[in-house]
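Handing you a structure now.
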Amino acid sequence: MQTSPQVAPQSPTLYENLLRGYRFRVCPDTESVTRALDVRRLVYLAECGYHLPVPDAYDSRSWFLLAEHVASGKAVGSMRITPRAEGPLEAEEYFELPASLRSRDVVECTRFAVLPDHRNSRRFLPVVALGLYKLAVLFVRQLGATDVVICSKPERAWAYQWLAFTPTGLTAQYTKLAGTEHELMTADVRDGMLKHRDHRYWQFVFDIDHPEITVPRRAPQTGLDPTRVVPMRRSA
């Protein structure tokens, strides 16, 4: 059984410089969505060997997060956020969600991908992963979501628990991901996420303004052509 490593506290100075050399944004147009999908293809198809369509049916009603390497301009990481307000989540192909998660205000994070050359790190999580995590947290809070759903392989579940996700105890075989077992996990993000105020990365996510992170004031329309914009529903 894999256990989480012991990680020493870090100073605000390290947090401030943590994302230097990268930039992170919610894809505002078709060109950036295409680049996010290219990262997914490289990781899920070329590297992992999964046989799944890219794009898929959920992409037509999801937002895309993109990480870029500044010096090269290369897209190096991506993530998908799907709101349940526009239809069932991918997790619902495999799980019957608890009643508390059958809400329009629930979102799901899927297709987290970072290119191999940008995963090396002496930190608990690679810099690109941390940048996408911060962007996702801020964006989800801006949306006014109540809960975030994620499905994790058992060997990675401890990392999501460390990032404030709670196991539901529900597991299923993901046929589209080579039949690998996944566990349903959730994070309560209501009330501005204040219940997570003592989390180790609270300062990194909420107290430090990283210029590398761009959170849109108006959310792009979900889908592969997110050129229209819609107002965000801010949380209380």
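The values are calculated or read from the model by the stated rules, or taken from the named source; none is laboratory data. Quantities reported herein were computed from a predicted structural model and do not represent experimental measurements. FYI the Cβ positions are ideal-geometry reconstructions off the backbone, even for glycines, and counts take in every protein chain you see.
Which one is nearest to Asp59 (Cα to Cα) among residues in the stretch 110-154 that are outside any strand (DSSP E or B) and touching an Asp or Glu at 6+ places or on another chain (Cβ under 8 Å)? Let's see the steps before the verdict.
Kept after step one, since they are outside any strand (DSSP E or B), are these residues of the stretch 110-154: 115-146, 153-154.
After this cut, where a residue has to be touching an Asp or Glu at 6+ places or on another chain (Cβ under 8 Å) as well, the list is 116, 131, 144-146, 153-154.
Working: Pro116: 23, Gly131: 22, Gly144: 21, Ala145: 19, Thr146: 21, Lys153: 22, Pro154: 25 Å.
Going through the qualifying residues, I end up with Ala145.
When you scan the stretch 22-42, how many residues do you find that are part of a helix (DSSP H, G or I) and acidic (Asp, Glu)? Give the steps one after another, and end with the answer.
Taking the stretch 22-42 and keeping what is part of a helix (DSSP H, G or I), we get 30-42.
If we keep only those that are acidic (Asp, Glu) as well, we get 31, 38.
Result for the stretch 22-42: 2.
When Ala178 is evaluated against the numbered criteria (1) surrounded by 14 or more Cβ atoms within 10 Å (Cβ to Cβ); (2) in contact with a Phe, Trp or Tyr (Cβ under 7 Å, 6 or more places away or on another chain); (3) modelled with pLDDT of 85 or more, which criterion, by number, is the only one it fails?
Result: Ala178 passes all but (1).
Just to check your reading of the model, which residue among Leu19, Leu45, Leu66, Leu52 is in contact with a His (Cβ under 9 Å, 6 or more places away or on another chain) and either in a strand (DSSP E or B) or surrounded by fewer than 18 Cβ atoms within 10 Å (Cβ to Cβ) (or both)? Steps first, please.
Numbers: Leu19 fails: either in a strand (DSSP E or B) or surrounded by fewer than 18 Cβ atoms within 10 Å (Cβ to Cβ) (or both); Leu66 fails: in contact with a His (Cβ under 9 Å, 6 or more places away or on another chain); Leu52 fails: in contact with a His (Cβ under 9 Å, 6 or more places away or on another chain).
Going through Leu19, Leu45, Leu66, Leu52 in turn, the sole match is Leu45.
Then there's this: Within the stretch 177-195, how many residues are in contact (Cβ under 8 Å) with a residue 40 or more places away in the chain, outside any helix (DSSP H, G or I) and aliphatic (A, V, I, L, M)? Before the answer, list the steps.
Quick first cut of the stretch 177-195, residues in contact (Cβ under 8 Å) with a residue 40 or more places away in the chain only: 177-178, 182, 184, 186-193.
If we keep only those that are outside any helix (DSSP H, G or I) as well, we get 178, 182, 184, 186-190.
Adding the requirement that they be aliphatic (A, V, I, L, M) leaves 178, 184, 187, 189.
Total meeting the criteria: 4.
Next question, about the same structure. Identify, by number, the condition in (1) surrounded by 14 or more Cβ atoms within 10 Å (Cβ to Cβ); (2) part of a helix (DSSP H, G or I); (3) hydroxyl-bearing (Ser, Thr, Tyr); (4) out of contact with any Ser or Thr (no Cβ under 6 Å at 6 or more places or on another chain) that Tyr58 doesn't meet.
Unmet condition: (4).
I'd like to verify a number: residues in the stretch 69-87 that are among the aliphatic types (A, V, I, L, M), buried (at least 16 other Cβ atoms within 10 Å of the Cβ) and over 11 Å from Ala113 (Cβ atoms), how many? Before the answer, list the steps.
Kept after step one, since they are among the aliphatic types (A, V, I, L, M), are these residues of the stretch 69-87: 70-71, 75-76, 79, 81, 85.
Filter once more, so that each one left must be buried (at least 16 other Cβ atoms within 10 Å of the Cβ): 75-76, 79, 81.
With over 11 Å from Ala113 (Cβ atoms) added as a condition, the list becomes 81.
The number of residues fulfilling the criteria is 1.
Could you give me the residue pairs with C-beta distances under 7 Å whose first residue belongs to the stretch 201-226 and is farther than 15 Å from Ala136 by Cβ, whose second residue is assigned to a loop (DSSP other than H, G, I, E, B) and aliphatic (A, V, I, L, M) wherever it lies, and which are 6+ apart or on separate chains?
Arg218/Met232
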